[in-house]
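The block underneath contains the structure these notes are about, expressed in structure tokens.
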Amino acid sequence: MQDKCSMKVCTDSCVFGAWMAGKIGIKFPKKILDIGSGTGLLSLMAAQKTSALIHAIDIDKNAVVQANENFELAPWAKQLQAFYGDVKKLPVLVKYDCIISNPPFFEDDLMPYKEEKKISKHGNSLRLSDLVIVVGQLLEDDGFFGVLLPYLRTEYFEKEATKHSLFVTEKLQVKQSIKHDYFRTILLLEKKQKPLQLSELAIRDGNNEYTPEFIELLKDYYLHL
């Protein structure tokens, strides 16, 4: 369900969730934090691939209510819990093996009318520079962090992350179709530098059909492809 959330589920967030769930299924984290969790989509996708404890946090009270409703309906409900709060003020009582975030995309842009959309779409409540600081504090030394970004914000984010000793180890560049330029980037970051693994994904082919790569990535989550 997503009726209470200002930001609805979209294709690029599904791509991000599926890609990160794949990494989680390989790396076996025990504790996962979903920052800016919205409907709880990313947490639910991750829960299908792990038995880890998953905490979801959002500054939008309605989103937290919605996420917990969705969690209660899921077969993995015991693993999942959503909290209301500002992650910048979260005390470092627990560190996480994995952190995932689909953060607000825009900073210092024209603000939308509704307060909920200001929070969910714009980074005045959680700037990218704030996000890397928070992740650096909450991530275990051997943990990993996944983030979905607008393509044009990638270079800036990488520089901010490096300042706080978070290094890009994997990068997926996403196109809406094979005819389009990149519009999203998914980054995997760790506290230890490693050789970069770079890949790309087109969602649709030249006939506006889903590509085989997209189908393979989303097959466990989409009922019809």
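The values are calculated or read from the model by the stated rules, or taken from the named source; none is laboratory data. Keep in mind that what you see is a predicted model, and the values were worked out from it rather than measured. Cβ sites come from the backbone with ideal geometry, for glycine too, and all protein chains shown count toward neighbours. These area figures cover heavy atoms from the full protein model, side chains too; ligands, DNA and RNA do not enter into them. Shrake-Rupley method; radii C 1.70, N 1.55, O 1.52, S 1.80 Å.
From its DSSP helices (H runs of at least four residues, each -39,500 (n - 2.57)), the chain gives a residue-normalised ellipticity at 222 nm of -9500 deg cm²/dmol. Could you tell me which of rounded, prolate or oblate describes region 12-65, using a ≥ b ≥ c as the square roots of the eigenvalues of the alpha-carbon gyration tensor, with rounded for a/c under 1.5 and, failing that, prolate when a/b is larger than b/c and oblate otherwise? Oblate shape, in that a/c is at least 1.5 and b/c is the bigger or equal ratio.
Using a 1.4 Å probe on the protein chains only, how many percent of the accessible area of the chain belongs to carbon and sulfur? Of all accessible area on the chain, carbon and sulfur atoms account for 52 percent. Applying a DSSP loop filter and a limit of 16 other Cβ atoms within 10 Å to the trypsin sites (Lys or Arg not before Pro) in region 151-225 leaves LYS179, LYS192, LYS219. Per residue, region 22-79 exposes 44 Å² of accessible surface when a 1.4 Å probe is rolled over the protein heavy atoms with every protein chain present.
Taking Lys and Arg as +1 and Asp and Glu as -1, the other residues whose beta-carbon sits under 13 Å from that of ARG204 total -2. For the chain, the Cβ-based charge dipole about the Cα centre amounts to some 280 debye (Lys, Arg positive; Asp, Glu negative; other atoms uncharged).
The ellipsoid equivalent to the alpha-carbon distribution of region 39-105 has semi-axes of 18, 15, 11 angstrom, derived from the gyration tensor eigenvalues as √(5λ) and listed largest first. Using θ = phi - 60° in the Karplus curve 6.51 cos²θ - 1.76 cosθ + 1.60, the 3J(HN,Hα) couplings for region 79-93 round to 7, 10, 8, 9, 10, 8, x, 9, 4, 5, 9, 6, x, 7, 9 Hz; x is entered for Gly and Pro.
For SER37, neighbours were defined as the other residues whose beta-carbon sits under 11 Å from its Cβ, and their charges (Lys and Arg +1, Asp and Glu -1) total -3. Expressed to the nearest 5 percent, the antiparallel share of DSSP beta bridges inside the chain is 35 percent. In this structure, the residue pairs whose Cα-Cα separation is over 30 Å, taken from LYS23/LYS95; LYS49/LYS179; LYS31/LYS192; LYS95/LYS219; LYS30/LYS175; LYS61/LYS191, are LYS49/LYS179; LYS95/LYS219; LYS30/LYS175; LYS61/LYS191.
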